[in-house]
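Input: a single structure, listed below in structure tokens.
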């Protein structure tokens, strides 16, 4: 069963992916949060940094959907094993997987880091070599 904190993050990410809602995910980060991933040499800081990080994430990808295989919580840390499929804004199909580590300070994320193979994702983005994936379109009910 997903932990409450892990589920809050997953729900916010899905709202970002489906509807472009940046503020929902940004609101989870603490004032001194550090945000990064294996593809970025940069560490984004605080809510403004989190906003920039997630804006760039969504700006790189068009239709996208992440699914989560495992959510593991130990103390103030959560590990999320995921797979993301969809298309980039350039039309390239993408399908990649990885693990994100979230460190919490109370009810806010103080550190987020995603581990995945950035070379493979870069090849998919640049050369359209990713496995073809269909992301279901979301229509209002």
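The values are calculated or read from the model by the stated rules, or taken from the named source; none is laboratory data. Remember, predicted model here, so these are calculated numbers, not experimental data. A quick note on method: Cβ atoms are made from the backbone with ideal geometry, for glycine too, and the neighbour counts reach across all protein chains shown.
Check 85, 123 and return the single one that is surrounded by fewer than 17 Cβ atoms within 10 Å (Cβ to Cβ) and modelled with pLDDT under 95.
Details: 85 fails: surrounded by fewer than 17 Cβ atoms within 10 Å (Cβ to Cβ).
Residue meeting the stated conditions: 123.
Residues in the stretch 26-39 that are in contact with a strand residue (DSSP E or B) (Cβ under 8 Å, 6 or more places away or on another chain) and in a loop (DSSP other than H, G, I, E, B): how many?
3
All but one of (1) touching a strand residue (DSSP E or B) at 6+ places or on another chain (Cβ under 9 Å); (2) outside any strand (DSSP E or B) hold for residue 15, so report the exception by its number.
(1)
State all residues of the stretch 99-110 that are crowded, with 19+ Cβ neighbours inside 10 Å and under 15 Å from the mean Cα position of the chain (by Cα); if no residue qualifies, say none.
Of the residues in the stretch 99-110, the ones crowded, with 19+ Cβ neighbours inside 10 Å are 100, 102, 104, 109.
Within the stretch 99-110, 100, 102, 109 meet the criteria.
Just to be sure I understand, how many residues within the stretch 88-98 are out of contact with any strand residue (DSSP E or B) (no Cβ under 7 Å at 6 or more places or on another chain) and surrounded by fewer than 17 Cβ atoms within 10 Å (Cβ to Cβ)?
Number satisfying all stated conditions: 2.
Report yes if residue 42 is touching a strand residue (DSSP E or B) at 6+ places or on another chain (Cβ under 9 Å), assigned to a loop (DSSP other than H, G, I, E, B) and without any contact (Cβ under 8 Å) to a residue 24 or more places away in the chain, otherwise no.
Criteria met by residue 42.
Collect the residues in the stretch 48-71 that are touching a residue at least 12 places away in the same chain (Cβ under 8 Å), in a strand (DSSP E or B) and either within 27 Å of residue 3 (Cβ to Cβ) or in contact with a helix residue (DSSP H, G or I) (Cβ under 7 Å, 6 or more places away or on another chain) (or both), keeping them in residue-number order.
Answer for the stretch 48-71, where residues must be touching a residue at least 12 places away in the same chain (Cβ under 8 Å), in a strand (DSSP E or B) and either within 27 Å of residue 3 (Cβ to Cβ) or in contact with a helix residue (DSSP H, G or I) (Cβ under 7 Å, 6 or more places away or on another chain) (or both): 61, 64, 65, 66, 67, 68, 69, 71.
How about the stretch 19-37: which of its residues are crowded, with 17+ Cβ neighbours inside 10 Å and touching a residue at least 40 places away in the same chain (Cβ under 8 Å)?
28, 29, 30, 33, 34, 35, 36, 37
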